[in-house]
Amino acid sequence: MITAAQMRAARALLGIDQRGLAEMAGVSLPTIQRMESSEGNVRGVIESLTRVVEAFDRAGVELIGDNAVSRGGGRGVRLKAPP
């Protein structure tokens, strides 16, 4: 669904720290810290993970999964075009 590296990259695109992401997603700071310390795909409570993904989406960050259509291929993050 999302990797720890994607989370860090998405935060960097937004210019926010872990505390800011926790506030945006409505989860605790330790939850974000645990997620970002995961190896590979982030592991955790599905509800918390969903909140983080939705927070990135609201902020305009599109998360790109394996085999998703993108110019460069692979995993990554990109900013969505403004509406």
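The values are calculated or read from the model by the stated rules, or taken from the named source; none is laboratory data. Since the structure is predicted, the reported quantities are computational estimates derived from the model, not experimental observations. Here Cβ is always computed from backbone atoms with ideal geometry, including for glycine, and neighbour counts include all displayed protein chains. Side chains are part of the model used for accessible areas, which takes the heavy atoms of the whole protein and leaves out ligands, DNA and RNA. Shrake-Rupley method; radii C 1.70, N 1.55, O 1.52, S 1.80 Å.
Among the residues of the stretch 33-63, those identified as in contact (Cβ under 8 Å) with a residue 24 or more places away in the chain and assigned to a helix (DSSP H, G or I) are 35, 36, 49, 51, 52, 53, 54, 55, 56, 58. The number of residues in the stretch 15-52 being open to solvent by 40 Å² or more (accessible area, probe 1.4 Å) and within 10 Å of the chain's Cα centre (by Cα) comes to 2. Can you say whether residue 52 is β-branched (Val, Ile, Thr), in contact with a Lys or Arg (Cβ under 6 Å, 6 or more places away or on another chain) and either at negative phi or at pLDDT below 90 (or both), as far as the supplied structure shows? Taking the combined requirement at face value, the residue does not satisfy it.
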